[in-house]
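The values are calculated or read from the model by the stated rules, or taken from the named source; none is laboratory data. Fair warning: this is a prediction, and the values are worked out from it, not measured in the lab. Note: ideal-geometry Cβ built from the backbone for every residue, glycine included; neighbour counts use all protein chains shown. Note: accessible area is taken over every heavy atom of the protein model, side chains too, but ligands, DNA and RNA are not part of it. Shrake-Rupley method; radii C 1.70, N 1.55, O 1.52, S 1.80 Å.
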Amino acid sequence: ELARRLDGDGRLGASFFFNRSVPEAASVAKFFPTLANQLANSQPALSQIIADFSQEHLKKGTSQQIEYEARNHLLETLRSACATGPHQPVFLVIDALDECEQRTDINEILKLLCDCVDVEGFPLKIFITSRPQDFETVLVEKLGQKSVEIISLDQKGQGLIDNESDVAYFLQHE
């Protein structure tokens, strides 16, 4: 629901839905390349920058550590984009992060996404959904308490059952 609304407003940069039952959607291997590809398609100002960094990245091989995937596909792209002038806020929507099959990579994903949010001059916003996990510590350590807002819909006492109701509740009340 949120991704659809942001897309309709032209503010969705990219989205990724982790899903354990779909191998390509459960792996971190396609996470940063997918985000970069969608950003290139949704944000014309980033398209050539992403293409250039992706070409350089692929010269070193198609299967690289997640740290290099993030740096080459997103982080350096956002840093370079700052030189092209001011940008409107761009949103990334990461759904079902807890469905990532490489559980040890979840904290690394969060740290790398925080690095992208920290790029001065590029207003990147990230919306993450997950079942309750201990992600707050990683986020607060990297971004500080003022930059992170954890909203647990389970604790709202609303008895929400499905994801669609969760997102609708969030959009109406937060």
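Quick look at the values:
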read-out: Virtual spin-label span in nm between Phe127 and Asp7, 7 Å along Cα→Cβ; value: 1.3 nm
read-out: Translational diffusion of region 1-63, µm² s⁻¹ [Kirkwood Rh, Cα pairs; Stokes-Einstein; 4 °C; 1.567 mPa s]; value: 100 µm²/s
read-out: Residue-normalised accessible area of region 45-97, given per residue in Å² at a 1.4 Å probe; value: 53 Å²
read-out: Share of carbon and sulfur in the accessible heavy-atom surface of region 1-118 [1.4 Å probe, %]; value: 48 percent
read-out: Viscosity 0.890 mPa s, temperature 25 °C, Stokes-Einstein D of region 1-126 from Kirkwood C-alpha radius, µm²/s; value: 167 µm²/s
read-out: Extension reserve of the Thr104-Leu58 stretch, reckoned as 0.36 nm per residue once the Cα distance is removed; value: 14.1 nm
